[in-house]
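Participant: Pasting a structure here, questions to come.
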Amino acid sequence: MKYNDNGEYKDIYIKTFDTLPVGAEVDYDGETVPDGWSEIVPSKKVLWTNLTPTSSFAAQDLTIEDMTNYDYYEIIYKIWTGSNYQHSTGLIQNGASAFLSGIEITPSSNVGAYQSRKVDYISNTKLHFNDCYVENVYTNANTTISTANNIMVPMQIIGHKF
């Protein structure tokens, strides 16, 4: 095996209780981490990116990169497809489901709207995004609920390791 010493790979000669310099990178053949070594997982990694963020996002199963090595995940989402405003769910424990949500108040129309999209955790490589629902509440106490998949559009899913 070799280690990276400021861009120069040097052979490793290991004796009992030897250590490598802080920040050393080790190169090895194959895909299996050698016995007694551990693989460093980045503390933050993009697991999925929406390639069409200006399109409507209907209910669907979403396949993402494996998040087994991450303690939490985060969903970055747009309030609606025509907006550049992005929001975050904050950190969600790996294995848990989540809600994307927002509130919009339009005084000139005498209406307030609550928007939500449930995200179900299926596995370390799959999340299910449900349809987005909008509940409009009017000042005259009338309420309407409708589906609006151009709202709460996921932009990225990020894995976090602590």
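Participant: Report yes if some residue within segment 137-160 is in the same structural domain as T49 (by TED's automatic domain parsing), without any contact (Cβ under 8 Å) to a residue 60 or more places away in the chain and closer than 17 Å to K44 by Cβ; otherwise report no.
Facilitator: no
Participant: Which members of segment 88-100 meet the condition of being over 18 Å from K44 (Cβ atoms) and either in contact with a helix residue (DSSP H, G or I) (Cβ under 6 Å, 6 or more places away or on another chain) or surrounded by 15 or more Cβ atoms within 10 Å (Cβ to Cβ) (or both)?
Facilitator: Across segment 88-100, the qualifying residue is only L100.
Participant: What are the residues in segment 119-142 that are of a type in the set (D, E, K, R) and modelled with pLDDT of 95 or more, if any?
Facilitator: Within segment 119-142, D120, K126, D131 meet the criteria.
Participant: Quick one: would you say L47 is of a type in the set (A, V, I, L, M), touching a residue at least 60 places away in the same chain (Cβ under 8 Å) and in a strand (DSSP E or B)?
Facilitator: Answer is yes for this residue.
The values are calculated or read from the model by the stated rules, or taken from the named source; none is laboratory data. Keep in mind that what you see is a predicted model, and the values were worked out from it rather than measured. Methodologically, a virtual Cβ is constructed for each residue, glycine included, from the backbone with ideal geometry; neighbour enumeration extends over all protein chains shown.
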